[in-house]
Amino acid sequence: MQNETVRINVPDIPVKVCEEAKQRIGMISGLHYHDEIEFIPVYDGEFICVVDGKRYTAHAGQTIFINSGVPHSTYCFDEGTRSGLIQFRTSDFMDIEVTGIIRYSLRFAYYTDEPVRILDSKDIFRSAVFIINEFGSRGVAYTLMIKSAVIRLLALLYREGILTESYHSLTGVEAKKIMPALEYINENYSEALTLDGVSARLGFDKSYFCRIFKKAVGATFTQYLNFVRVCKAEKMLTHTEDSILEISEKIGYSSVSYFNREFKRYKSCSPTVYRMASCSTM
């Protein structure tokens, strides 16, 4: 599977835009993923996105939303299909410094149970089309128009409940209190970490620690620990020849089946499929 490098093409703004175009029949893009979120407004016909064998089909007037880090491939089997494309990193448009400690917290904040969604929202479709049209016309101050429209697009995602605003809590009082815990997890994820052990080590009452951790991160201690371990496993799967069992042990799992289950929960495919797809494109 290819970790696609998204090439920004809007001057001074970290956004990639592809103008409206007629799609060829068959596979449009092979299995790949990227750190950016992606919008594909469908003007005519139908556009297909496949994630872990599940098929998502969007028709004219709908928008495909693909979350960051989701392995996917795209297809078209309708000769009349026309679509555009917009990609950007959500964090580039957030008024918050992305440090090493909170990087995984941000990724978790942007995680959704559905890696791909077919959106019927006319507001989201119109906003996406507006960005594509501005990019195509390149009129006066078009980059500012695109920037404002991207921010509006993000606001609509939050309003529609597609993304949550839990990232705001990362700069709150609770976040400052649990920052040592995030740092400790980031540095010791491969150890047999437990809620009791980490809260005691950092001098927190267990119940209080649970409460402020979930408020700050939007997840339980165990959920967040599993997410960090899965993020660490991604690199090992693509940059080492370690077996799945070895990787699961190196990131702190005593059960490879548990690792497989958690990896699929967050990446929408098994570690084995992730690696096989990666090797096929290297």
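Laid out as a table, the results:
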| read-out | value |
| --- | --- |
| Residue match in the stretch 208-223 (condition: free of Cβ contacts under 8 Å to residues at least 60 places away in the same chain, over 24 Å from PRO115 (Cα atoms), among the aliphatic types (A, V, I, L, M) and assigned to a helix (DSSP H, G or I)) | yes |
| Whichever residue in the stretch 2-57 is under 21 Å from the mean Cα position of the chain (by Cα) and on the phi > 0 side of the Ramachandran plot and, among such residues, is modelled with the highest pLDDT | GLY53 |
| Options ARG229, ARG275: the member that is within 15 Å of TYR189 (Cα to Cα), in contact with a Ser or Thr (Cβ under 9 Å, 6 or more places away or on another chain) and either surrounded by 19 or more Cβ atoms within 10 Å (Cβ to Cβ) or not assigned by TED's automatic domain parsing to the domain that holds GLY30 (or both) | ARG229 |
| Flag for THR81 being over 25 Å from CYS269 (Cβ atoms) and hydroxyl-bearing (Ser, Thr, Tyr) | yes |
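The values are calculated or read from the model by the stated rules, or taken from the named source; none is laboratory data. For clarity, every value in this text was computed on a predicted model and none was experimentally measured. Here Cβ is always computed from backbone atoms with ideal geometry, including for glycine, and neighbour counts include all displayed protein chains.
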